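Trainee: Have a look at this one before I ask anything.
The values are calculated or read from the model by the stated rules, or taken from the named source; none is laboratory data. Quick caveat, the model's predicted, so the values are computed rather than measured. Here the Cβ positions follow ideal geometry from the backbone for every residue, glycine too, while neighbour counts run over all protein chains shown. Surface areas here come from the heavy atoms of the whole protein model, side chains and all, with no ligands, DNA or RNA. Shrake-Rupley method; radii C 1.70, N 1.55, O 1.52, S 1.80 Å.
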Amino acid sequence: MKPAPTLSMAFLHPAGQLLPEPLAALRKQRGTALVDMPLPTRKTENWKYSSRHLKLTDDMAISLPAEGKTGSSLAVPGYKVAFLNGVMMPEASEYPDLSGIRIQSFGDLDDDEASELAQRLDDTLGGSDEKGAVQMARLNSARFEDGLLIRLKPGAALDQPLFIIHETSADASGSAYPRIFVDAGANSQITLVEEYISSGSEPAMVNTVTEVMAGEGANVTSIRLNMEGDNIQHIGATGVVQQRSSRFESHSVGFGGPLRRHDLRVRLEGEGAECKLNGVVATRDKQHYDNHTSIEHVVPHCNSEETYRNIAADQSHAIFSGRIHIHQDAQKSNADMNNKNLLLSNGAEIDTKPVLEIYADDVKCAHGATIGQLDEISLFYLVSRGIGRREANVLLTMAFINELVEQIPVEAVRETVQGRLSHFFEQTFLEA
Amino acid sequence: MLSIKNLHASVEGKEILKGINLEIKAGEVHAIMGPNGSGKSTLSQVLAGNEAFEVTDGEVVMNGENLLELETEERAREGIFLAFQYPVEIPGVSNMQFLRTAVNAMRKHHGEEEMNAAEFMKLAKDVSRQVDLDPAFLKRGVNEGFSGGEKKRNEIMQALLLQPKLAILDETDSGLDIDALKVVADGVNALRSQDRAILMVTHYQRLLNHIVPDYVHVLAGGRIIKSGGRELALELEEKGYGWLGIKDEATADNAAN
Ligand SMILES: Nc1ncnc2c1ncn2[C@@H]1O[C@H](COP(=O)(O)OP(=O)(O)O)[C@@H](O)[C@H]1O
Ligand SMILES: [Mg+2]
């Protein structure tokens, strides 16, 4: 038998970006733990469809330099933090001093703050243990060069969305490791928009981790846009831990690439906590997109609601795996998971897998998954009114995801998404 | 305006239309009556261009053009309109968006300027009132959760907006109460004009009390077996289809129930 492939040692050398000592020490320790880390294969359940798209060759291990100008000079309707290849760019960032809210680069933390953060990193993602941890997030922990710490004091509310623009600049091969940690105190409120973009055309990888601690009664909305180029492998993980009566809302919209992977994990640890996870994916050509979500109802009286929609055209492949784990004590849990999928060509593939692990007996848990094509009768109805076939296709495809796009709570983001979708339709539905 | 000659059509290998001949001139109203299953909807759908039905023989010419060679949307732009027997529900596309897209597709085809949202809103509100539909329906998904009668009125509303040359109304009267029937009939009468033809497909003759046809044809077993003036409808009403030697399955079913 061939030995299982392991992570190349080339990945275990973080670049020399200056981190405060406690974080540098943590990173080193996480790196040591990755020596001989087996790589996911087809037999790794969570990577069944995606392992063959994961290219961890030595040229990918090189840290992409955090220099040059960011292309993300666009004005945003809110506050902005710009990252270039995983490192914060203060000159391209714009946010005021706000009372009760601190937005800091990891590099700017003093030793006490860094040490406190080091103690908490990875907690939302299954810790540093191999078992149960989000595997590829561990690579981020061994490699991050900077990061963003957002702390909201109890009751603090950010009055405008905070846009975090993550640009991967790939003028040469390599990888970047952005990292975000949100500590939302009791009854605080924040809306984050994480926008992933890229420049340059060499094959590159971004491996990103976002962690959210939602305190009692906190209200956190997270919008995630995956819009990098076709040269970028994207491996992302988001970990959320929710305390009593907190609310977390996620709106994720992604377009395909050689590999797009997002693991979203939510743990409902305080009674009355609720989360709502929406996702839209559109893939075309030979693109690949793999969403894995996991919601854990740890305590009673929590609600979760999840709605994901995939659209796959051409020879692309989209995957949804949704896990709901209701712990033994989590009575009176409400969990609703729904995944609908639209195949726009016979060559496209969609895989959907609900995983329900329910150990409490007094719960309401609904789940549904469908895979279908555009409805011929609806199409005929539209064209019988003189509407062109291409436009009819667009109307019906939009109809499939409209409900989710409309729920995105920031108008400018909805517009960005609409624009990207129009572009997707232009490429997908050719003029007859 | 429309000339159908020896039209044969089948679905899933089964022949439904077995040689239809029909001439319709501008300004005329024709009624096609016939028992359930006789092929009325098939004829309507074939004229509108539903590819689920295969035309195996014959020709259809509209204003000198071979209709069968046109795509569905081209037929619509040339002036064919079909009010569906079963209008389709399309959640996620608002009625307003649907109607405006359709109207603008037509306008573009005719070299007219497209209507902006505000202009169209005004027009759509007026027309929706004409068919007694609350303008609030414009915001809902296409036919989504509409009652049977509301769907039929929405079809007539579309005909009024699109101003077709040939309006084919497939059982637009079925499932309507007296008041709704009156509204629909008024809508159809508003469509009547010198340069427009109307083909009304119906199982019962009650709509014909409100919209007086110029010609009535009886379709049975995929053929037109009798044609006449408006008096033919009354005769059918009185004597039933049995008089023509046709078995009306639906009538028989209803009697059995
Ligand atoms: N899509 C279809 N597939 C199979 N058979 C069909 C289909 N549509 C219609 N038919 C058959 O064709 C015949 C005529 O149907 P239709 O045109 O709907 O009749 P009508 O409208 O007069 O009631 C019926 O026997 C019906 O079962
Ligand atoms: Mg019928």
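Trainee: Could you please let me know if B:Thr42 is in a helix (DSSP H, G or I) and either surrounded by fewer than 17 Cβ atoms within 10 Å (Cβ to Cβ) or of a type outside the set (Asp, Glu) (or both)? Don't jump to the end; show me each part of the working.
Mentor: Details: in a helix (DSSP H, G or I): yes; either surrounded by fewer than 17 Cβ atoms within 10 Å (Cβ to Cβ) or of a type outside the set (Asp, Glu) (or both): yes.
For B:Thr42, the condition - in a helix (DSSP H, G or I) and either surrounded by fewer than 17 Cβ atoms within 10 Å (Cβ to Cβ) or of a type outside the set (Asp, Glu) (or both) - is met.
Trainee: Only one of (1) more than 14 Å from chain A (Cβ to nearest Cβ); (2) in contact with a Lys or Arg (Cβ under 9 Å, 6 or more places away or on another chain); (3) open to solvent by 70 Å² or more (accessible area, probe 1.4 Å); (4) modelled with pLDDT of 95 or more fails for B:Lys122. Which number is that?
Mentor: The number of the failed condition is (2).
Trainee: Which of the residues belonging to the stretch B:141-193 are of a type outside the set (S, T, N, Q), within 12 Å of the chain's Cα centre (by Cα) and within 16 Å of ligand 1 (Cβ to nearest atom)?
Mentor: Answer for the stretch B:141-193, where residues must be of a type outside the set (S, T, N, Q), within 12 Å of the chain's Cα centre (by Cα) and within 16 Å of ligand 1 (Cβ to nearest atom): B:Lys152, B:Glu155, B:Ile168, B:Leu169, B:Asp170, B:Glu171, B:Asp173.
Trainee: Residues being of a type in the set (Lys, Arg) and open to solvent by 20 Å² or more (accessible area, probe 1.4 Å): count how many of those fall in the stretch A:369-408.
Mentor: 2
Trainee: Yes or no: B:Asp173 free of Cβ contacts under 8 Å to residues at least 60 places away in the same chain, within 16 Å of ligand 2 (Cβ to nearest atom) and of a type in the set (D, E, K, R)?
Mentor: When the stated conditions are applied, B:Asp173 passes them.
Trainee: Related question: Quick one: B:Asn36 ticks every box in (1) open to solvent by 30 Å² or more (accessible area, probe 1.4 Å); (2) polar (S, T, N, Q); (3) within 30 Å of A:Glu391 (Cβ to Cβ); (4) within 14 Å of ligand 1 (Cβ to nearest atom) bar one, so which box is it?
Mentor: Tallying (1) open to solvent by 30 Å² or more (accessible area, probe 1.4 Å); (2) polar (S, T, N, Q); (3) within 30 Å of A:Glu391 (Cβ to Cβ); (4) within 14 Å of ligand 1 (Cβ to nearest atom), B:Asn36 fails exactly one: (3).
Trainee: Could you give every pair whose Cβ atoms fall below 7 Å, whose first residue belongs to the stretch A:74-90 and is closer than 22 Å to A:Asp159 by Cβ, and whose second residue is open to solvent by 30 Å² or more (accessible area, probe 1.4 Å) and of a type outside the set (Gly, Ala, Ser), counting only separations of at least 6 or pairs across chains?
Mentor: From the stretch A:74-90, the pairs are A:Gly78/A:Gln160; A:Tyr79/A:Glu94; A:Tyr79/A:Tyr95; A:Tyr79/A:Gln160; A:Lys80/A:Glu94; A:Lys80/A:Tyr95; A:Val81/A:Tyr95.
Trainee: Give me the pairs: first residue in the stretch B:9-33 and in a loop (DSSP other than H, G, I, E, B), second residue within 16 Å of ligand 2 (Cβ to nearest atom) and open to solvent by less than 30 Å² (accessible area, probe 1.4 Å), beta-carbon distance under 8 Å, and six or more apart or on different chains, which are they?
Mentor: Final answer for the pair search is none.
Trainee: Quick one: which residue in A:Ser199, A:Ser175 is under 20 Å from the mean Cα position of the chain (by Cα), small (Gly, Ala, Ser) and open to solvent by 10 Å² or more (accessible area, probe 1.4 Å)?
Mentor: On inspection, the qualifying residue turns out to be A:Ser199.
Trainee: So, one more: Condition first: among the acidic types (Asp, Glu) and away from ligand 1 (no atom under 16 Å from the Cβ). Can you find one or more residues in the stretch B:221-231 that meet it?
Mentor: Narrowing the stretch B:221-231 to residues among the acidic types (Asp, Glu): B:231.
Filter once more, keeping what is away from ligand 1 (no atom under 16 Å from the Cβ): B:231.
Yes.
Trainee: Here's another thing I want to ask about it. Would you check if there is a residue in the stretch B:105-115 being touching a strand residue (DSSP E or B) at 6+ places or on another chain (Cβ under 7 Å) and buried (at least 17 other Cβ atoms within 10 Å of the Cβ)?
Mentor: no
Trainee: Output the residue which, of all residues in the stretch B:15-61 that are modelled with pLDDT under 95 and not small (Gly, Ala, Ser), is farthest from ligand 2 (Cβ to nearest atom).
Mentor: Going through the qualifying residues, I end up with B:Glu51.
Trainee: Moving to a separate point now. Is it true that A:Val220 is among the hydrophobic types (A, V, I, L, M, F, W, C), in contact with a strand residue (DSSP E or B) (Cβ under 8 Å, 6 or more places away or on another chain), at pLDDT 95 or above and assigned to a strand (DSSP E or B)?
Mentor: The answer is yes for A:Val220.
Trainee: Another question, if that's okay. Considering only residues that are in a helix (DSSP H, G or I), without any contact (Cβ under 8 Å) to a residue 60 or more places away in the chain and either more than 7 Å from every other protein chain (Cβ to nearest Cβ) or within 26 Å of B:Ile80 (Cβ to Cβ) (or both), which ones fall in the stretch A:399-431?
Mentor: Result: A:Ala399, A:Glu406, A:Arg414, A:Glu415, A:Gln418, A:Gly419, A:Ser422, A:His423, A:Phe425, A:Glu426.
Trainee: Pick from the stretch B:61-94 the residues that are hydrophobic (A, V, I, L, M, F, W, C) and within 16 Å of ligand 1 (Cβ to nearest atom): which of them is nearest to A:Val394 (Cα to Cα)?
Mentor: B:Val88
Trainee: Which one of B:Val60, B:Val55, B:Val93 is under 17 Å from the mean Cα position of the chain (by Cα) and either buried (at least 23 other Cβ atoms within 10 Å of the Cβ) or part of a strand (DSSP E or B) (or both)? Walk me through how you get there before you give the answer.
Mentor: Working: B:Val55 fails: under 17 Å from the mean Cα position of the chain (by Cα); B:Val93 fails: under 17 Å from the mean Cα position of the chain (by Cα).
Result: B:Val60 is the single residue among B:Val60, B:Val55, B:Val93 that is under 17 Å from the mean Cα position of the chain (by Cα) and either buried (at least 23 other Cβ atoms within 10 Å of the Cβ) or part of a strand (DSSP E or B) (or both).
Trainee: Now a separate question. Within the stretch B:199-226, how many residues are open to solvent by less than 20 Å² (accessible area, probe 1.4 Å), more than 16 Å from ligand 2 (Cβ to nearest atom) and within 18 Å of B:Gly240 (Cβ to Cβ)?
Mentor: Residues meeting the conditions: 2.
Trainee: Could you tell me which residue of the stretch B:63-75 is nearest to ligand 2 (Cβ to nearest atom), considering only residues that are open to solvent by 30 Å² or more (accessible area, probe 1.4 Å) and closer than 18 Å to B:Gly19 by Cα?
Mentor: B:Leu68
Trainee: Here is a list: B:Phe81, B:Phe98. Which entry is assigned to a strand (DSSP E or B) and within 16 Å of A:Gly386 (Cβ to Cβ)?
Mentor: B:Phe81
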